[in-house]
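Everything on this sheet refers to the single structure shown next.
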Amino acid sequence: MTRWLSDGEQRTWRTFGLTMRLLTDRLERDLQTAAGMPPTYYELLVLLSEAPERTLRMSELALWTNSKPSRISHAANKLEQSGWIRREHYAGDRRGWLAVLTDQGLAALQAAAPAHVDSVRAHLIDLLTPEQIQQLGEISQVLLDHLTAHE
């Protein structure tokens, strides 16, 4: 038997869905305008910048971004053409590839980061109280744990 949403649950669900779409769209537009890169590229550069030796397997990038390997390969091609990453064969696997963040890629990330952080602050963080930020973090973690446990 279907447990239909109450009026309050329906309002919350619809508000949450619209908010996520609008927030994502705004952050994407701001990043594209400020840094000339889509969020996927920014996310890949961040992941590589935080990895040991600024290097990750392509399959790890796909996993961390919840993307298909073909999408990561396409993004890596563009990042490589920009000189922001280079790809190397993974020594332990003839079919495996590594993505390595170049100095030029790190510089591009460092140039893009302030505008991105400003956008995140303007459209999310600074609108909330510290208590709301903590609650949002806790709610997000519950949802993330549930969604990743069922993959």
- [ ] Within the range 66-110, work out how many residues are closer than 13 Å to Leu44 by Cα, of a type in the set (A, V, I, L, M, F, W, C) and in a strand (DSSP E or B).
- [x] 5
Task: Unique residue being within 28 Å of Val100 (Cβ to Cβ) and either without any contact (Cβ under 8 Å) to a residue 24 or more places away in the chain or surrounded by 14 or more Cβ atoms within 10 Å (Cβ to Cβ) (or both) when the list is Leu5, Leu27, Leu22, Leu18 - done: Leu27
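So in the range 122-145, with the set limited to residues that are free of Cβ contacts under 8 Å to residues at least 12 places away in the same chain and not in a helix (DSSP H, G or I), which one is surrounded by the fewest Cβ atoms within 10 Å (Cβ to Cβ)?
Thr129
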Open item on the list: Go through the range 108-121 and report how many residues are out of contact with any Lys or Arg (no Cβ under 9 Å at 6 or more places or on another chain) and surrounded by 12 or more Cβ atoms within 10 Å (Cβ to Cβ).
Closed with: 9
Task: Evaluation of Thr148 against (1) surrounded by fewer than 16 Cβ atoms within 10 Å (Cβ to Cβ); (2) not in a helix (DSSP H, G or I) (one fails), failing number - done: (2)
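None of the figures in this text is laboratory data; all of them are computed from the coordinates on show. Source: prediction; values computed, not measured. FYI the Cβ positions are ideal-geometry reconstructions off the backbone, even for glycines, and counts take in every protein chain you see.
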